[in-house]
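Quick notes on the structure that follows.
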Amino acid sequence: MVQTYIGAPIRRREDIRFLTGKATFVDDIKLSHMLHAAILRGPQAHARIMAIDASLALAIPGVVAVFTFQDIASYAKPIPIRLYPLEGLERFLQYPLAREKVRYVGEPVAVVVASSRYVAEDALTPWRCAMSPYRPWYVCRMLCATRLCCMRNTGRI
């Protein structure tokens, strides 16, 4: 059976409002007392989080709150796999914020909530976030030969 819709042009009804500037985007929504969030992301590929000091960010006028994993630990749950659960992947599920370590560059470490988007983004700069990088493994054969898993929560690769 041939699928005729693959590669075929599709008539979309929403294009007109986007092309004429009449569409509403999330950034267009303004509510009274609305707060904005910005995410602090880990700068290293694999490192242990030693300490996070948000006191300088909290001192900025307009910053309402700062959240790290310790602040949400009592009710944080791993983010489920989107399609369907696959047996054996449960140990790779990720929490909304990094717990004891970051596992990739850009992993969310903390969230700043502020009165405006600009204040929230500016509050990401003065953080004191101490991380201790794990030693990288360069030889893939050694990993394969020893059957090590690089995602273990043991602190080692």
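The values are calculated or read from the model by the stated rules, or taken from the named source; none is laboratory data. Every value quoted in this text rests on a predicted model; they were computed, and no experiment measured them. We place every Cβ from the backbone using ideal geometry, glycine too, and count neighbours over all the protein chains shown.
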Residues that are within 30 Å of Pro133 (Cα to Cα): find the helices (runs of 4 or more DSSP H) completely inside the stretch 1-108 holding 3 or more of those. 55-58, 69-72
Filtering the stretch 92-127 down to residues that are surrounded by 15 or more Cβ atoms within 10 Å (Cβ to Cβ), of a type in the set (A, V, I, L, M, F, W, C) and farther than 23 Å from Val64 by Cα yields Val102
For the stretch 47-87, which positions are surrounded by 10 or more Cβ atoms within 10 Å (Cβ to Cβ), over 19 Å from Leu35 (Cα atoms) and of a type in the set (D, E, K, R)? Arg48, Asp53
(1) modelled with pLDDT of 90 or more; (2) farther than 14 Å from Ile52 by Cα: which one isn't true of Pro108, the others all being true? (2)
